[in-house]
Amino acid sequence: MEGFNPRLLKEEPPPPFAVQCQKCELSNHRERVIWGEGNPSAKIFILLDNPGMREDAEGNPFVCGTRETLQRGILDAGMELDNVYISYLLKCRPKRAYNKPLARDACFSHFQHQLAEKNPRLLLGLGNTVVETLFPHSDADVKSLRGRWHIFEDIPVAFSYHPLAIRRRPVLHKYFIEDLKLLAQEALKYGLIEN
Ligand code: SF4
């Protein structure tokens, strides 16, 4: 896309009960809880594993590769950045090794709180970690689930590859765009985006 400039989407502040969350060891890694970003009222909820850096080492605003690839994909699929809210299974950015299952279990109630509060009409999960967390008792992965709709807690959910996987394996890019277009088509049907 010519002239594409990724931007740092506005961060939604965490609710008071989560600002000082100590439910897992990532409370010792973080600078702050990253509750989510984008349009907090959007009915399209995109879920990733954990937040990347939003500031560089000097503290200047920084758009990471994940955000850049995701934003470009959203626009290429015919949506606007304002159409989506983006959040994470883990609300704290890991900086070193940690117990992943424990952290994901601990943080899941925050995601469920967001679903109850925001009542999204459509979910898009990016990456196998999200698949495994939403459907823990299956052998499913992105490859086996992508391209069609599923249901998680009564909400339609689709899946695609993690933006970092797209950057590492450009051969996946066409599937990523197909999946974002599937999301856009459904969003159009629900009246969540304009034609
Ligand atoms: S990752 Fe989630 S559960 Fe763990 S400390 Fe951060 S907000 Fe709390």
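The values are calculated or read from the model by the stated rules, or taken from the named source; none is laboratory data. None of these values were measured; they are calculated from a predicted model. Here Cβ is always computed from backbone atoms with ideal geometry, including for glycine, and neighbour counts include all displayed protein chains. Areas reflect the complete protein model, heavy atoms only, side chains present, ligands, DNA and RNA absent. Shrake-Rupley method; radii C 1.70, N 1.55, O 1.52, S 1.80 Å.
Which residue, chosen from Phe45, Ala18, Thr69, occupies the Cα position most advanced towards the positive end of the dipole of the chain, where the dipole is computed from +1 (Lys, Arg) and -1 (Asp, Glu) charges on Cβ about the Cα centre?
Thr69
Need the C-alpha centroid separation for segment 40-76 versus segment 101-149, integer Å.
For segment 40-76 versus segment 101-149, the Cα centre distance is 18 Å.
Going toward the positive end of the dipole of the chain, with +1 on Lys and Arg Cβ and -1 on Asp and Glu Cβ, which of Val157, Leu172, Ala184 do you reach last?
Positive-most Cα among the choices belongs to Leu172.
Which FRET efficiency value, to the nearest 0.05, is calculated for Asn28 and Ser109 with the Förster distance at 25 angstrom and r the Cβ-Cβ distance? Write out the running numbers ahead of the final one.
Working: r = 19 Å, r/R0 = 0.77.
Once the sixth-power term is evaluated, E becomes 0.80.
Could you compute how much accessible surface Asp141 exposes when probed at 1.4 Å, giving the result in Å² to the nearest 10?
Looks like 50 Å² after rounding.
Considering segment 100-188, what Rg and Dmax in Å follow from its alpha-carbon atoms?
Values for segment 100-188 (Cα only, Rg and Dmax): 13.4, 38 Å.
Quick one: divide the alpha-carbon radius of gyration of segment 50-128 by 2.2 N^0.38 Å and tell me what you get.
1.24
Using +1 on the beta carbon of Lys and Arg, -1 on that of Asp and Glu, and nothing else charged, what's the dipole of the chain about the Cα centre, debye to 20?
Dipole magnitude for the chain comes out near 360 debye.
Over every pair of different alpha-carbon atoms in segment 1-83, take the mean of 1/r and invert it; report that Kirkwood radius in Å.
Values: mean 1/r = 0.0695 Å⁻¹.
Roughly 14.4 Å, rounded to one decimal.
Once you keep just the Cα pairs under 8 angstrom separated by 6 or more residues, what percentage relative contact order results for the chain?
24 percent
Treating the Cα atoms of the chain as identical point scatterers in vacuum, please give the log10 of the normalised Debye intensity I(q)/I(0) at q = 0.12, 0.19 Å⁻¹, two decimals.
The calculated log intensity ratios at q = 0.12, 0.19 Å⁻¹ are -0.56, -1.54.
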